[in-house]
Structure formats: structure tokens, C-alpha cells
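Data block below; observations after.
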Amino acid sequence: MSEVGRPVVCPAWCRGCGPNDPMHRGYLATVGRERTGWVSLQLLVDRFVRREAAVKLDATRYGMNQTVLLSPGQVDRLVEELAQARRLMRAPVGRAGEGR
């Protein structure tokens, strides 16, 4: 139930929140390898709209886990940085190791 007594309806992407869970959770993605570590991303949206949406980023390596909550602005920056890194990785590499 919401704060005004109406039931809270989950969006289609929500993986199911419990009755005591204040967050919708969805869009879970995990990337990585056993020896290099894992990165998991999950969208969190406050069911009662007390906070803005956030992306939960978990980095795991050798059984140790670090969690960071990213604001929409930080997600935009991360996406831009990852897109730039992908462009550089795909660019031909010259003798000095720099992209052409």
C-alpha cells in the first residue's frame, strides 16, 4: 500500500518487490569473468517517489563486493565514458599504441 492507502502497482520491468521493499528493482545485468571479477547493474526506483531513480552498481572480485548507487547524472557520465572507451578499443592502433 502507498502512503495514501492505495496499492502500489509495479511497472512491467519490475522483477517483483516485496510488501516491505521500498524499491522497484529491474533491468539486472551482470558482466565479467571468473578471474577478472564481475560488475552487476540494477535499476532501483523508489516506490513512494521519495528519492530519484538510481542505478545500483556492484563490483565483485575474489568474493569481495563493493556497491555504488549512481544518480541519473552519474549514469549519463558513465555511459559516455564507456562509449568513448568502446570507440577507442575498436579504433586501429598505431605503432605508439595510440588510436589513429
Checklist entry - By its C-alpha gyration tensor, with a ≥ b ≥ c as the square roots of the eigenvalues, how is the stretch 23-90 shaped: rounded for a/c under 1.5, else prolate for a/b larger than b/c, else oblate? => result oblate
Next on the checklist: Testing the spin-label approximation: label points 7 Å from Cα along Cα→Cβ at Arg35 and Met89. State their distance in nm.
Outcome noted: 1.8 nm
Item to check | Tyr62, Tyr27 arranged by Cβ crowding within 10 Å, fewest neighbours leading | outcome: Tyr62, Tyr27
Next on the checklist: Just to confirm a number: summing +1 for Lys and Arg and -1 for Asp and Glu over residues other than Ala83 whose beta-carbon lies under 15 angstrom from that of Ala83, what do you get?
Outcome noted: +1
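Values quoted throughout were computed directly from the atomic coordinates according to the rules given, and no laboratory measurement underlies them. Here the structure is a predicted model, which means the values were calculated and not measured. Quick reminder, even Gly has a Cβ in these numbers, built from the backbone with ideal geometry, and neighbours come from all protein chains shown.
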